[in-house]
1. Please name all residue pairs, on different chains or six or more residues apart, with Cβ atoms under 8 Å, provided the first residue is in segment 97-108 and is within 18 Å of residue 162 (Cα to Cα) and the second residue is acidic (Asp, Glu).
2. Within segment 1-10, can one find any residue that is surrounded by fewer than 10 Cβ atoms within 10 Å (Cβ to Cβ), at pLDDT below 70, of a type in the set (A, V, I, L, M) and in contact with a helix residue (DSSP H, G or I) (Cβ under 8 Å, 6 or more places away or on another chain)?
3. Restricting attention to segment 154-185, which residues are modelled with pLDDT of 95 or more, under 22 Å from residue 27 (Cβ atoms) and crowded, with 20+ Cβ neighbours inside 10 Å?
4. Which count do you get for residues in segment 18-41 that are surrounded by 10 or more Cβ atoms within 10 Å (Cβ to Cβ), of a type outside the set (Val, Ile, Thr) and either over 19 Å from the mean Cα position of the chain (by Cα) or modelled with pLDDT under 60 (or both)?
5. Do you know which residues across segment 130-151 are surrounded by fewer than 23 Cβ atoms within 10 Å (Cβ to Cβ) and over 11 Å from residue 86 (Cα atoms)?
Amino acid sequence: MNDLTQRKWLALLLFFLVIPQALQAAPPLEISWDDLIPPGVPYAEIIGEGDLDIENDYWRNPVYDANATKLNEELDGAYIRIPGFIIPLELEATGVTEFVLVPYLGACIHVPPPPPNQLVFVRTTTPWPSDDLWSPVWVIGKMSTELMTTEVAETGYALQAENIEVYEWESGALPRAQKPFLVLLQDLMKFARGN
């Protein structure tokens with residue numbers, strides 16, 4: 001090979017080795033819970049409280065309006081980072097490998113779950129320690145829009161977690177949720193009273 005051809009091959013080889021790594025190293029898109037709702041769609045309202053499973057301490061089958069299952073299709077396939085709290089589904093000796101990520105502490109337990117477009121089913125190959133379940137976390141990975149039913153709620157999104165890390169508090173702020181726990185509880189109380 002002449003010198004020019006060797007340089008071309010070397011440049012081509014470097015291109016194919018470096019570019020894929022650079023593309024993978026792109027930082028995740030940081031999203032909030034508001035981003036899970038498509039633009040212009042209002043937050044879903046509870047129109048039927050469902051049933052309390054007293055034995056397992058979960059609400060079953062709450063009824064939401066049609067906005068509950070409207071998903072932000074722009075997030076399908078996106079590499080994202082989202083904060084939230086863990087509701088464990090698969091708990092092993094080494095930690096949690098499947099969970100529902102929720103926007104606020106206590107969601108799905110003692111109270112009706114948020115609507116499906118505010119819940120993310122997460123699967124991870126690296127278990128999250130079970131002694132750290134009540135701390136808020138950041139979950140990083142590839143998201144898909146996918147309605148599915150879990151033992152605690154119907155979820156609108158699925159996320160294959162690449163990394164999970166403790167949420168660092170910034171000036172006392174909690175991970176943002178479109179509708180905090182107390183507002184959801186007030187909606188439920190209004191519904192129960194018939195307002």
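1. 97/90; 98/90; 99/90
2. yes
3. Within segment 154-185, 157, 159, 161, 164 meet the criteria.
4. Residues flagged as surrounded by 10 or more Cβ atoms within 10 Å (Cβ to Cβ), of a type outside the set (Val, Ile, Thr) and either over 19 Å from the mean Cα position of the chain (by Cα) or modelled with pLDDT under 60 (or both) within segment 18-41 amount to 1.
5. 131, 140, 141, 142, 144, 145, 146, 147, 148, 149, 150, 151
The values are calculated or read from the model by the stated rules, or taken from the named source; none is laboratory data. Being a predicted model, the structure only gives us computed values, none of them experimental. Methodologically, a virtual Cβ is constructed for each residue, glycine included, from the backbone with ideal geometry; neighbour enumeration extends over all protein chains shown.
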